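As structure tokens, the structure follows; a few thoughts come after it.
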Amino acid sequence: MINYQIIKYRKLWLIISGAMVILSIVALLTWGLRAGLDFTGGSLLEVKMAGGQPTGSDSIILRFQETSQEKHLAVVDALKKMEIAKGGMTEIRFESIGTSVGADLRSKSFSVMSLVLLIIILYISLAFNKVSKPVVSWKYGLIAVLALFHDIIITAGIFAILGHYFAVEVNTPFVVALLTVLGYSVHDTIIVFDRTRENLPKSHDSFAETVNHSLNQTFIRSINTTLTVLLSLLAVLVFGGTSVRDFVLALMVGVFCGAYSSLFVASPLLVYIEQWQRRK
């Protein structure tokens, strides 16, 4: 079996992660996330033109702040009188969300994610309660959450860039995607940590070497699982249509970041904490 020296180059992996996190934070502070209808409130109307349009597309998507049925009917009537609708027009969908509902969804989304992170810390602390040396159990939980923040920030940063340059919006499916990424990422991290926990009592190597050995035992499995998930998501992204495009894209970015953090962020941080404790 190939012995990958992941821990040996831990500084490189963390520099890459740090650079990505900093760039993502800059993007978020500069442009922010482009909030969609679910969070801002308003109406969305999509219609299909029988004769097509000059752009080559046969559909139009309109967004407006008013949510009344009267405004909806007025817009539809106005579109029917336009030249591009002479061949006929079909209303595909009309969605309307009040401003107060959008604000409530935004608030609840942040609350749910905060609660999930807290539960993850508690769960890992309990799962690793028998691990006291050389790193205490709650620090495993702390590192796992730091890795999760890494995944969320980078995913959000990429969507801030996409929102600025390509008008990609974030709605409740984006929050669902982030919650899914949290579960996937922490699952991958726990597998590596659990293998480290199993190897520590019977290892005669240093802590860093034991962690690296544990990573090698799970490395191929993690890579294969990630590639399988990404290929499946790629198929959905290509053939699934526009309605699920942004959701699937968020999952793909998050799953990739989660796989990276579980292998190249969480365990290197564990080794750095152990080294820092020995120097105290």
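All of the numbers you see were taken from the coordinates with simple rules; none came from a lab. Model, not experiment: these values are computed from the prediction.
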List the lysines whose Cα lies under 22 Å from the Cα of Lys48, skipping any in the same chain that are fewer than 8 positions away. Lys71, Lys80, Lys81, Lys86
Tell me the angle of helix 10-30 to the major Cα principal axis of the chain, expressed in degrees between 0 and 90 and rounded to the nearest ten. 30
Long-range amide H partners of Gly42 with built H, under 5 Å: Ile97, Gly98, Thr99
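Calculate how many DSSP beta bridges within the chain are antiparallel, expressed in % of all such bridges and rounded to the nearest 5.
Restricted to the chain, the bridges split so that about 95 percent are antiparallel.
Treat the chain as a sphere of radius equal to its Kirkwood radius over Cα pairs and apply Stokes-Einstein at 25 °C in a medium of 0.890 mPa s; give the translational diffusion coefficient in µm²/s, rounded to a whole number.
The calculation lands on 114 µm²/s.
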Helix 69-80 sits off the longest principal axis of the Cα atoms of the chain, rounded to the nearest 10 on a 0 to 90 degree scale, by 70
If one compares the long axis through the Cα atoms of helix 172-199 with the longest principal axis of the Cα atoms of the chain, the angle in degrees, nearest 10, works out at 10
For region 120-176, using Cα atoms only, the Rg and Dmax in Å read 16.6, 50
On a straight-distance basis, which lysines could pair with Lys202 in a cross-link, Cα separation under 29 angstrom, same-chain partners fewer than 8 positions away excluded? Lys8, Lys11, Lys130, Lys133, Lys139, Lys280
Hey, what D do you get for region 1-43 in µm²/s if you plug the Kirkwood alpha-carbon radius into Stokes-Einstein at 25 °C and 0.890 mPa s? 180
